[in-house]
Amino acid sequence: MLFDMVSKFFGKEVYAFMPIEAGGVNSMLPIAASARMGLPMVDADGMGRAFPELQMVTFTMGGMSASPMALTDEKGNSAIFNTITNKWTEELARSVTMSCGGSVSVALYCMSGAEMKKYAVKNIVTRSQKLGEAIRGVKDMEQGTPEENFLNCSEGYRLFKGKIGDVLRETRGAFNFGKVCLEGIGEYRGKQAYVEFQNENLTAVVNGEILATVPDLICLVDTETFVPVTTDALKYGKRVMLVGLKCFEMWRSQAGLELVGPRYFGCDTDYIPLEERCKGGRTDV
C-alpha cells in the first residue's frame, strides 16, 4: 500500500528502497519489500545506527523534508502527511501511531539518487551483514579469544562486564524510558555500572564516570554469544558486556549534536567522543 500511495502522490513509481536506520524491524522491512517487488535496495541508511525519533537522520542535516510521509496500519487506515518541519512529522506520526494501537508502517524521506549519495550513511547494510557473520564466527577463529575477536571485528571499546541487577522502565510520551543497573563480574567485580535508555541506549556510566553517550553507540551483548541484548530483552541476572562503538562522523558536527546529542535527550553533559572518554583505551586484541 505504501508503494502505491507514494507512487500516486508523485505521479511516478518508486524505483528503489532504503532502510531509514540500521536497527530493529526498520532495517529489515525494506529488504523484504525489495525482494517481494523485485526492485533495488540501496546499501545505505540515514543513521548508521538507531535513534528513536523520525527527524533524527542525516537527511535532516541536508535540509531534506521527511514529508510527504505515507502511513498505514494493519487495519487499512492510511494517510499522507505534509508537515512544516521534520520534527512536526515525528510529532504527528507518533500521535497517530498511538491511536492505531502503537504500530504503523511509514514511507518517508523520498529523495533523488544524488541527494541520497550526498547525505546517506553508505555501506551500512553490508557492515551489518559483516558484523553478523563475525558474531557467528568469533569462536571459530584460530587466534585470540572470542571476546578479543568480537572487539576486533566490531572495532568496539569494552566498557564493562557485569550481571544485570535491576531494570527500571516507564512509558512517557509514547517512548520507553529506563535504566539497567549492572554488577561487575570478572575483572570488574566490586564495580557498578548503569545504562540509561529512551528506546535506544543514551548514556553508559561506570563507577560514577560517564564513558559513552549518544550519538556514539552503546551496546549490551551477551558475554557468551556476543549477540546484542535489546532494551526490551533486558532481564535480571543476565550476564552482559557493555561495548561502545564510534558513530558516523556527521553526527559529531554541531548540526548533528543539536539533533541527537546528549543534551537533546536531557542528559546533563556535553558530548565527548567515545575514544576520548575512554582515553584511547580500546581493548588491545
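The values are calculated or read from the model by the stated rules, or taken from the named source; none is laboratory data. Computed from a predicted structure; not experimentally measured. Positions of Cβ are generated from backbone atoms using ideal geometry, with glycine treated the same way; all protein chains shown enter the neighbour counts. Remember, those area values only see protein heavy atoms, side chains included, never the ligands or the DNA or RNA. Shrake-Rupley method; radii C 1.70, N 1.55, O 1.52, S 1.80 Å.
General remarks:
- Across W88, W251, the residue with the most accessible area heads the list, and the full order at a 1.4 Å probe is W88, W251.
- Rounded to the nearest Hz, the phi-derived 3J(HN,Hα) couplings of segment 155-172 under the Karplus curve 6.51 cos²θ - 1.76 cosθ + 1.60 (θ = phi - 60°) are 6, x, 9, 6, 9, 5, 10, x, 9, 5, x, 6, 9, 10, 9, 7, 9, 9, where x marks glycine and proline.
- log₁₀ of I(q)/I(0) at q = 0.13, 0.18, 0.28, 0.31 Å⁻¹ - segment 152-195, Debye sum with one point per alpha carbon: -0.41, -0.65, -0.91, -0.99
- Residue-by-residue Karplus 3J(HN,Hα) for segment 12-21, coefficients 6.51, -1.76, 1.60, Hz, glycine and proline x: 7, 6, 4, 10, 6, 10, 7, x, 7, 8
- 10 Å binning of all Cα-Cα separations within segment 147-285, expressed as whole percents from 0 upward: 12, 44, 36, 8, 0
- Size of charge dipole - the chain - debye, nearest 20, with Cβ of Lys, Arg +1 and Asp, Glu -1, no other charges: 160 debye
- Under 9 Å, Cβ to Cβ, from Q55 - net charge with Lys/Arg +1 and Asp/Glu -1: -1
- Shape summary: segment 211-283 maps onto an equivalent ellipsoid whose semi-axes, from the alpha-carbon gyration tensor, are 25, 15, 11 Å in decreasing order.
- Accessible area, probe 1.4 Å, largest first, for residues K238, K122: K122, K238
- Computed [θ] at 222 nm, helices only, for the chain once each DSSP H run of length n ≥ 4 contributes -39500 (n - 2.57): -7500 deg cm²/dmol
- Cβ-defined net charge surrounding F3, 14 Å radius [Lys, Arg +1; Asp, Glu -1]: +1
- Between K279 and S99, the simple label model (points 7 Å from Cα in the Cβ direction) yields a spacing of 5.4 nm.
- Ranking by accessible area, most exposed first, for F10, F226, F248 with a 1.4 Å probe: F10, F248, F226
- Cross-link table K246/K279; K179/K238; K87/K122, entries beyond 18 Å C-alpha to C-alpha: K87/K122
- The gain in end-to-end length when the V25 to T225 segment is fully stretched comes to 69.9 nm, 0.36 nm per residue minus the alpha carbon separation.
- Among the listed options [x] -0.64, -1.15, -1.27; [y] -0.46, -1.08, -1.35; [z] -0.38, -1.01, -1.40, the one matching log10 I(q)/I(0) by the Debye sum over Cα atoms at q = 0.09, 0.14, 0.16 Å⁻¹ as calculated from these coordinates is [y].
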